[in-house]
Amino acid sequence: QVQLVESGGGLVQPGGSLRLSCAASRSIFSINSMGWYRQAPGKERELVASITNYGSTNYADSVKGRFTISRDNTKNTVYLQMNSLKPEDTAVYLCNALFVGMHYWGKGTPVTVSL
């Protein structure tokens, strides 16, 4: 099993930045892929960014060039650096881990982009 705990969300003005963290309960090197999803009110959950245990990354078109996913294997933590935030980035951001064929989720951290 994998427990995931997100942090770093909050209220930020348009154009601002936030860095989200996802701490895993086990070595993330053993986890095939980790990612960040988001879910806005009334909308479906969508993939924001993912990173494999070999460091390959994937991004949603809407965040390319603005968000960066990274991992620190020594801290068992995955990060999402979010720059140039827009109101449409407002959502609950959830961390996901794919481990031994199963998906694990954190409880999420809310991000609100507003004046």
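Which loop GluC sites (Glu not before Pro) in the stretch 1-105, with loop taken from DSSP, have no more than 12 other Cβ atoms within 10 angstrom of their Cβ?
44
Report the number of Lys pairs in the chain whose alpha-carbons are under 21 Å apart, with separation of 8 or more residues or on distinct chains.
For the chain, qualifying lysine pairs total 5.
For residue 1 and residue 60 in one chain, what is 0.36 nm times their gap in residues minus the Cα-Cα distance, to one decimal in nm? Each step should come with its number before you reach the end.
On the way: separation 59, 0.36 × 59 = 21.24 nm, distance 2.71 nm.
Length gained, residue 1 through residue 60: 18.5 nm.
How large is the accessible surface of residue 11 in square angstrom, using a 1.4 angstrom probe and rounding to the nearest 10?
130
May I ask you to derive the relative contact order of the chain, considering only C-alpha pairs under 8 Å and at least 6 residues apart, and to give it as an integer percent?
Computed value for the chain: 38 percent relative contact order.
What do you reckon, how do 57, 52 stack up by accessible area (1.4 Å probe), largest on top?
Details: 57 70, 52 40 Å².
Order by accessible area, largest first: 57, 52.
If you average 1/r over every pair of different alpha-carbon atoms in the chain and take one over that average, what Kirkwood value in Å do you get? Working shown, then result.
Values: mean 1/r = 0.0718 Å⁻¹.
Answer for the chain: a Kirkwood hydrodynamic radius of 13.9 Å.
Largest first, how would 43, 86 line up by accessible area (1.4 Å probe)?
43, 86
Along the Cα→Cβ direction, 7 angstrom out, place labels at residue 11 and residue 75. What is the inter-label distance in nm?
The answer from the label model is 2.6 nm.
The values are calculated or read from the model by the stated rules, or taken from the named source; none is laboratory data. Everything numeric here is computed off the predicted structure, so don't read it as measured data. Every residue, glycine among them, receives a Cβ derived from its backbone with ideal geometry; neighbour counts consider all protein chains shown. For the accessible areas, the whole protein counts, side chains as well, though only heavy atoms, and no ligand, DNA or RNA atoms are used. Shrake-Rupley method; radii C 1.70, N 1.55, O 1.52, S 1.80 Å.
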